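Values quoted throughout were computed directly from the atomic coordinates according to the rules given, and no laboratory measurement underlies them. Treat the numbers as computed from the prediction; the structure is a model and nothing was measured. Here the Cβ positions follow ideal geometry from the backbone for every residue, glycine too, while neighbour counts run over all protein chains shown.
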Amino acid sequence: MPNSNIDIINVIESKLKDKVQIQLGQLGKAAIVTNDGLHRDVLKAMVEADEKTAVSAITGLDLGANLGVLYHIRTSNAFLTIRAEVPKDNPKIQTITDIIPGAVFHELEVADLLGVVFEGHPSPGHFVLSEYWPQGVYPLRKDVKANEIKLNPPPPEEAKQPEDEKVVKIIIGPQHPALLEPEKFAVTVDGETVTKVEPRIGYVHRGIEKATESRTYLQDVYLVERICGICNSIHACSFVETVEKILKTDVPPRAKYLRVVALELNRLHSHLLTLGHAGLEIGYETLFQYFWRDREPIMDLIELTSGNRVYSSLMTVGGVRRDLKDSDIPKIKATLEDLRNKLPFYRQVYEDEPSLKMRMRNVGILKREDALKLCVVGPVARGSGVDIDVRKDEPYEAYGEIPFKEIVYTAGDTWSRMNVRMDEVEESINIIEYAIDHLPTGPFRVKAPRVVPAGEAVNRVEAPRGELFYYVKSNGTVFPDRVKVRTPTFANIPAFLKTAIGENIADIPPNFVSLDPCFSCTDR
Amino acid sequence: MIDFDLIFRILVFPGFTFILLLTLFCDWVERKIEARIQNRVGPMVAGPAGILQPLADFIKLLTKEDIEPRDAKKTVFKFAPLLAFTIMVFATCFLPIDGSSVLSVSGFNGDLIVILAFVTIANFLLFLSGWASCNPYGAIGSARVLTQFLGYDIPLFLLALTPAFIAGSLSIAVIASSQVIPFIILAPWAFVLFIITMQAELEKDPFDIPHADSEVVGGLETEYTGGKLAFLHLTRDVQIVFGSALVVELFLGGPYGPVLFGFSVFWYSLWFVLKLLAVVIITEYITTVFARLRIDQVLSANWKIILPAAVLSLMLTVALVTWIYPMVV
Amino acid sequence: MAKKSRVSPMFKRAVSHIFTKPATTKYPFVKPQLPDDFRGQQVYDIKLCISCGLCSRDCPAKAIEMVEVEGKRRPQFKLDQCIFCYQCAESCPRNAIKSSVFYELATTDKSSLVIKPHASVQKGE
């Protein structure tokens, strides 16, 4: 792999020696403090040195008199943060969307929720908040109380007709049978070909990031678990890992292995759900019913290990809440063996079924350069030849000790993305069996203090849909100061806007489902 | 003189009531077969083994509120579904069900073409009903209905001519009764192609695109509620029964089969229903096993594959009938 | 539509499934088997409670309210707000809250979902 041995800190040091301040070991591998627009120079240097530089998230902070803007960047072998600050009475900062186009959504969100103005942004406007929101009120600022905001109806807007008579705008959503959750996509079509897609997200915005600031850390574990119903364990795990980084607690080894088992069970049921849902979108209801029939034993396993089919609530700061009983292990192994024996049938269907291949092959092609520029994550990236997987790049929990393969396909179409997920199902089964066989003895939990000293930490994990990023800032009380979540679907939607152009309108549902959208995650 | 026998034949058996009950029964069979293939149970609560489920769905729809959009074309919106249903039932009445058709004197030379024309008119009325609802999804759905059935009508006519050619007549009654050896054995290629074309005419998977609810919400049914939606669904079900009955008449020997004892009317109806169920099961199997094709794939399949195959099939049948079969049969 | 040398396995599987038993559990005529530590309705033992109020303080959904019963503060559970996370059972220093497998809690009367504390609330009330 080219560029995998580049020491990105050296590159930045050599190019911008005295203009920036590098703090090693903070917020990832290093935190780079910049001001007066130098963040663009740092980014340009990084992009030129390493092609896999991508924006993971942009966090906005309310620091009293200033607003902090943190750019979290990932490269092939490092994870850094660039710090910048702008004063509250003139919160202007220059955009980075010309250097890294995938930062469009991230900047829009910080602008919407905190009021930072990104100069040069291609399409400013409301993103997560509704048009009914009062002007000048930014909910994540500390002086805004959530129950004192009054909504006013927006001024009436005349409907703008497109100039060309043949060009028709079709609105997909907010309520639509193709979407599981409400979002609006205004698709401009010319005949049957798509020319432009304009998204409007924010229909399921519940203000969870603000809600975490008024609940204790212990209660927040359950709150962030409910950001998403499908990948709930991963959210809880990432949050407790971040808090444990601030507390500098060491989790016992048995807890690490038990966490891996819970996370991989979550990944299994999520991938089976997507594979079935994709079948439904192309009209293949039989495949959908078969996949969901095979998903039911996994839900029963999750119920066996955690007491509930969906929200497992297993994670807590300092370990896991319950142990794995030895009497349950034979049932877990039998169910996983059953699932493994069913996979060759599905692989053959994907290889040989003519109508499925006609709908999925060469549909929604995402080329490798586009995948790198748009900062996509997860199976969408791995289906286009970009081999990023947090479990391999920066192992967390017990993943450093468990052998497994990273699945990469290069064609970049819907069919490859689905195949990535199907192969990952097999890898997850292998990981769970290895973890159960090598489960260390000892305690599964240590006691953690309820008051967290002041500090901040970042953490990223591999959710079923991609890289999930958490940033937690604490201020010495039982309530966190700021929790920032960047979910994988948030980073993947710009890829859909790119792949849908030039395709048939009938290809939009399978194309869309192949990036596995989860809008509850996106909107929080 | 009031001909009670004729009125009975038109209204009860084998006319209107019988066709309606047969439609509801075939709907139940379809849903059960689809459910069993998908490893589920299907309807199981309404009536024994769920057999009253289609009737329950129909009655439920009749009790719902009937909303009309303000901008819809009122007359067409109201009457197109009902008219389509009427025409389909009328077309089904031409098929011999118990040995002779509903109006026993209605069979004439050429009624095969007439009932295929009726099907086209009914499909066109369905297109109009979607078009009149003044909704972008309805417009797209009904445009797809039109493109699909107009395209597939041509091979349908050509393939329907094959058994007519073997039997030497364009009257359905004559075709059905002249099948000493069922035409499925004499011209199996035509049977396979006819089943595929019938799938496209009936808008079932893999040619399901006008009803694709993941893209066009409801297609032409989007703005319909209440009683009118009930009639649209019923029209679709009667179309399926009609299509399968046509296959039975043209290729499987119609209602004619061995009469073991008693009334021939009873046995002819029984054979008809059994053969109908066999065809319904085959088409439902094809529906469940395939995914849904895109509209451009459907159309290119028609013009590039099905239509040339239909022409070739007709030529092959003509050659066989003229030269080979008189030497063998 | 080029002919492939291998046929999709779906054709044979579809036919064989017609003759196999369906995978559906015919609830409510057949009930599913649940594990013993399933997180159903809480069972509260008033004899072990020491009125510390930790369950109410730690509840993420604010579903537990301390009310006065016979001169002592006891927890009252609001099942329509509860998220069944069992943080209350974990926080209780005397193990007075335990789990049960009762999950059929749907009702048309919302007031029956407020479980007031009185001597030994059993499951199903």
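Listing for the model above:
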{"item": "Positive-end residue of B:L82, B:T322, B:P182, charge dipole of the stretch B:70-328 with Cβ unit charges", "result": "B:L82"}
{"item": "Candidate lysines for bridging to A:K333, where Cα separation is under 23 Å - those fewer than 8 sequence places away on the same chain excluded", "result": "A:K256, A:K325, A:K342, A:K405"}
{"item": "Label point distance in nm, B:R40-C:K78, each placed 7 Å from Cα along Cα→Cβ", "result": "3.7"}
{"item": "Ordering of A:461-470, A:227-236 by burial proxy (mean other Cβ atoms within 10 Å per residue, highest first)", "result": "A:461-470, A:227-236"}
{"item": "Principal axis dimensions, largest first and in whole angstrom, of the stretch B:163-287 by Cα", "result": "49, 34, 26"}
{"item": "Cα-based equivalent ellipsoid of the stretch B:70-328: semi-axis lengths in Å, sorted from largest, via gyration tensor", "result": "33, 22, 15"}
{"item": "DSSP bridge orientation in the stretch C:34-115 - percent antiparallel, rounded to nearest 5", "result": "100"}
{"item": "At R0 = 41 Å, FRET efficiency that the Cβ-Cβ distance of A:T193 and C:V7 yields, to 0.05", "result": "0.75"}
{"item": "Sorted by Cβ density within 10 Å, fewest first, the residues A:H72, A:H176", "result": "A:H176, A:H72"}
{"item": "Value of [θ]222 nm, deg cm²/dmol, for chain C, DSSP H segments ≥ 4, -39500 (n - 2.57) each, nearest 500", "result": "-3500 deg cm²/dmol"}
{"item": "Anchor C:K110: lysines whose Cα lies under 22 Å away (excluding residues fewer than 8 positions away in-chain)", "result": "C:K62, C:K78, C:K123"}
{"item": "Helical mean residue ellipticity (222 nm; -39500 (n - 2.57) per DSSP H run of 4+; nearest 500) of chain A", "result": "-12000 deg cm²/dmol"}
{"item": "Cβ-based exposure ranking for A:D89, A:D516, A:D387, in which fewest neighbours within 10 Å come first", "result": "A:D89, A:D387, A:D516"}
{"item": "Unit Cα scatterers, Debye sum, the stretch C:34-115: log10 I(q)/I(0) for q = 0.11, 0.13, 0.26 Å⁻¹", "result": "-0.28, -0.39, -1.42"}
{"item": "Inter-probe distance in nm under a simple model that places probes 7 Å from Cα toward Cβ, at B:D3 and A:K392", "result": "8.1"}
{"item": "Greater than 30 Å apart at Cα, pairs in A:K169/B:K204; A:K15/A:K196; B:K32/C:K31; A:K142/A:K392; A:K29/A:K331; A:K142/A:K196", "result": "A:K15/A:K196; A:K142/A:K392; A:K29/A:K331; A:K142/A:K196"}
{"item": "Isotropically averaged projected area of chain A, using the convex hull of Cα atoms (one quarter of hull area), nm²", "result": "24.5"}
{"item": "Pairwise FRET efficiency - C:V101 versus C:I18, Cβ, R0 = 30 Å, nearest 0.05", "result": "0.25"}
{"item": "Those Cys residues of chain C for which no other cysteine Cβ falls under 4.7 Å", "result": "C:C49, C:C52, C:C59, C:C82, C:C85, C:C92"}
{"item": "Sites matching GluC sites (Glu not before Pro) across the stretch C:1-91 that sit in DSSP coil, with at most 12 neighbouring C-beta atoms within 10 Å", "result": "C:E70"}
{"item": "For the protein assembly as shown, fraction of C-alpha pairs farther apart than 44 Å, in %", "result": "44"}
{"item": "Dipole moment magnitude, nearest 20 debye, the protein assembly as shown about Cα centre, only Lys, Arg, Asp, Glu C-beta charged", "result": "1900"}
{"item": "Semi-axis lengths, Å, the stretch A:8-144, gyration tensor of Cα atoms, sqrt of 5 times eigenvalues", "result": "27, 16, 12"}
{"item": "For A:214-226, mean number of other protein chain Cβ atoms within 10 Å", "result": "3"}
{"item": "Per DSSP, loop trypsin sites (Lys or Arg not before Pro) in the stretch C:62-123 with at most 15 further Cβ within 10 Å", "result": "C:K62, C:R94, C:K123"}
{"item": "Excluding exposed DSSP-loop chymotrypsin sites (Phe, Trp or Tyr not before Pro) (at most 16 other C-beta within 10 Å), longest clean stretch of chain C", "result": "C:30-101"}
{"item": "Label-point gap, in nm, between B:T225 and A:K19 - each point 7 angstrom along Cα→Cβ", "result": "6.4"}
{"item": "Antiparallel DSSP beta bridges within the protein assembly as shown, percent to nearest 5", "result": "90"}
{"item": "Of all DSSP beta bridges in the stretch A:8-144, antiparallel share, percent nearest 5", "result": "75"}
{"item": "Segment A:D98-A:N35, extension gain: residue separation times 0.36 nm, minus the distance between their alpha carbons", "result": "20.8 nm"}
{"item": "Test item: A:339-351 mean partner chain Cβ contacts at 10 Å", "result": "2"}
{"item": "Number of partner chain Cβ atoms within 10 Å, mean per residue of A:316-323", "result": "1"}
{"item": "Sorted by Cβ neighbour density within 10 Å, fewest at the top, the residues A:M46, B:M315, B:M44", "result": "B:M315, B:M44, A:M46"}
{"item": "Taking all pairs of distinct alpha-carbon atoms in the stretch A:379-479, Kirkwood radius in angstrom", "result": "16.2"}
